[in-house]
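Written below as structure tokens is the structure these notes are about.
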Amino acid sequence: MTLSKLTCLACLFFFANATTNISAADGPIRVFILAGQSNMEGQGVVAYDHPKYYNGGKGNLAWSMKNSKSSTLMKHLKDVDGKWAEREDVRISFKDKRETRTGKLSVGFTGYGGTSHIGPELQFGHVVGDHLEKPVLLIKTAWGGKSLYRDFRPPGSGGTVGPYYTKMLEEVRAALSALKGKKYVISGFVWFQGWNDMVDEDARAEYAANMVHLATDIRREFKAPQLPIVIGELGNLGEKASGGIVEIRKAQARAAASPKFRKGTIAFVKTTPFARPKELSPNPGHGHHWFGNAESYFLIGDALGKAMVKLLETAKTN
């Protein structure tokens, strides 16, 4: 995105308390929905470094920006003054347990409040923001400990619609209504989930079918039959994982490759390469949360964003 474009976008504030309208030249806001469970909420530690509770800070974001293999890719996360950068042209809305938080893309839009953690949204927002010449709004809607089998169960799967499927749509609608009539386009849906289905035999057996129904129902809900959809792999513990985790991974890949979807409209993103050792992570006992490793969450967001960009480019040529 050009410097002049960023300068123009710096004046924009497009939530409910906005006083400056987006000009016709800027076009519609590009909206991306990020949904899932606790790893979409974000468990990547930013700067906590207690020697007992956070492994001395190994693997947190501050440490990773100096010591990880991805350090050079992370430079944009801080501004010239060494503070956590805020992105003017990419904004985010996330309802945590206390309130709906909205603002410029930066660290901290997780279930913990403050600036203590990150999720995939951080680098995802940078990737799509760099690609698009329009302002971007990320709507993140996620809750820990939820399954696709029950909690997010989509209408197409039959049975009782999951309460968190309904809550997800409610939160998206609320964030869109806060735009106060400004033009927008629902441009993509990202799903990052799977742990709770992994521990249930019936849920594992249905996962691929339920994922297909989720994608189909989301597209129907927003009247976007070819909406780009990215499914992030349950990559916890890397390639060493076995059993139910591997079953879910295969189910996620099968769903993305379903013949019910037009080729080039849904992507499955492997995340196993982004697992980092627990010894070099802030929360060595939290394998279900990628050990709290910030580099993992950064790279997951990067991969999800690049997959979304590829789908957007494919859509332009079809």
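Any read-out appearing in this document is the output of simple, stated calculations on the displayed coordinates, not a laboratory observation. Because the structure is predicted, anything quoted here is derived from the model rather than measured. FYI the Cβ positions are ideal-geometry reconstructions off the backbone, even for glycines, and counts take in every protein chain you see.
Give me a count of the residues in segment 227-242 that are without any contact (Cβ under 8 Å) to a residue 40 or more places away in the chain and either in a loop (DSSP other than H, G, I, E, B) or of a type in the set (A, V, I, L, M) (or both). Walk me through it before giving the result.
Filtering segment 227-242 down to residues without any contact (Cβ under 8 Å) to a residue 40 or more places away in the chain leaves 233, 238-242.
Going one step further and asking which of them are either in a loop (DSSP other than H, G, I, E, B) or of a type in the set (A, V, I, L, M) (or both), we end up with 233, 241-242.
Matching residues across segment 227-242 total 3.
Restricting the search to segment 300-318, which residues are touching a residue at least 40 places away in the same chain (Cβ under 8 Å), part of a helix (DSSP H, G or I), farther than 22 Å from residue 251 by Cα and not charged (D, E, K, R)?
Matches in segment 300-318: 309, 312, 314, 315.
Quick check, is residue 229 out of contact with any strand residue (DSSP E or B) (no Cβ under 8 Å at 6 or more places or on another chain), more than 19 Å from residue 299 (Cβ to Cβ) and surrounded by 18 or more Cβ atoms within 10 Å (Cβ to Cβ)? Show your work before the answer.
On the way: out of contact with any strand residue (DSSP E or B) (no Cβ under 8 Å at 6 or more places or on another chain): no; more than 19 Å from residue 299 (Cβ to Cβ): yes; surrounded by 18 or more Cβ atoms within 10 Å (Cβ to Cβ): yes.
No.
Could you identify the single residue in 209, 224, 203 that is over 20 Å from the mean Cα position of the chain (by Cα) and either crowded, with 18+ Cβ neighbours inside 10 Å or part of a loop (DSSP other than H, G, I, E, B) (or both)? Steps first, please.
On the way: 209 fails: either crowded, with 18+ Cβ neighbours inside 10 Å or part of a loop (DSSP other than H, G, I, E, B) (or both); 224 fails: over 20 Å from the mean Cα position of the chain (by Cα).
None of the other options fit; the residue is 203.
Looking at this structure, is residue 299 closer than 25 Å to residue 77 by Cα, more than 16 Å from the chain's Cα centre (by Cα) and among the aliphatic types (A, V, I, L, M)? Reasoning before the result, please.
Numbers: closer than 25 Å to residue 77 by Cα: yes; more than 16 Å from the chain's Cα centre (by Cα): no; among the aliphatic types (A, V, I, L, M): yes.
Criteria not met by residue 299.
So is residue 225 of a type outside the set (A, V, I, L, M) and touching a helix residue (DSSP H, G or I) at 6+ places or on another chain (Cβ under 7 Å) or not?
Values: of a type outside the set (A, V, I, L, M): yes; touching a helix residue (DSSP H, G or I) at 6+ places or on another chain (Cβ under 7 Å): yes.
Considered against the rule, which asks whether it is of a type outside the set (A, V, I, L, M) and touching a helix residue (DSSP H, G or I) at 6+ places or on another chain (Cβ under 7 Å), residue 225 comes out as yes.
Could you tell me how many of the residues in segment 46-87 are surrounded by 15 or more Cβ atoms within 10 Å (Cβ to Cβ), of a type in the set (D, E, K, R) and under 19 Å from residue 110 (Cα atoms)?
3
Could you tell me which of the residues 259, 282 is surrounded by 24 or more Cβ atoms within 10 Å (Cβ to Cβ), at negative phi and outside any helix (DSSP H, G or I)? Talk me through it step by step, then tell me what you get.
Numbers: 259 fails: surrounded by 24 or more Cβ atoms within 10 Å (Cβ to Cβ).
Every option except 282 fails the conditions.
Touching a Leu at 6+ places or on another chain (Cβ under 9 Å) and either surrounded by fewer than 15 Cβ atoms within 10 Å (Cβ to Cβ) or more than 23 Å from residue 296 (Cβ to Cβ) (or both): does that describe residue 215?
Details: touching a Leu at 6+ places or on another chain (Cβ under 9 Å): yes; either surrounded by fewer than 15 Cβ atoms within 10 Å (Cβ to Cβ) or more than 23 Å from residue 296 (Cβ to Cβ) (or both): yes.
Spelling it out, residue 215 is indeed touching a Leu at 6+ places or on another chain (Cβ under 9 Å) and either surrounded by fewer than 15 Cβ atoms within 10 Å (Cβ to Cβ) or more than 23 Å from residue 296 (Cβ to Cβ) (or both).
Within segment 154-193, count every residue that is part of a loop (DSSP other than H, G, I, E, B), free of Cβ contacts under 8 Å to residues at least 60 places away in the same chain and in contact with an Asp or Glu (Cβ under 9 Å, 6 or more places away or on another chain). Give the steps one after another, and end with the answer.
Taking segment 154-193 and keeping what is part of a loop (DSSP other than H, G, I, E, B), we get 154, 158-162, 178-183, 193.
Next, from what is left, pick out any that are free of Cβ contacts under 8 Å to residues at least 60 places away in the same chain: 158-162, 181.
Still in the running and in contact with an Asp or Glu (Cβ under 9 Å, 6 or more places away or on another chain): 162.
The qualifying residues number 1.
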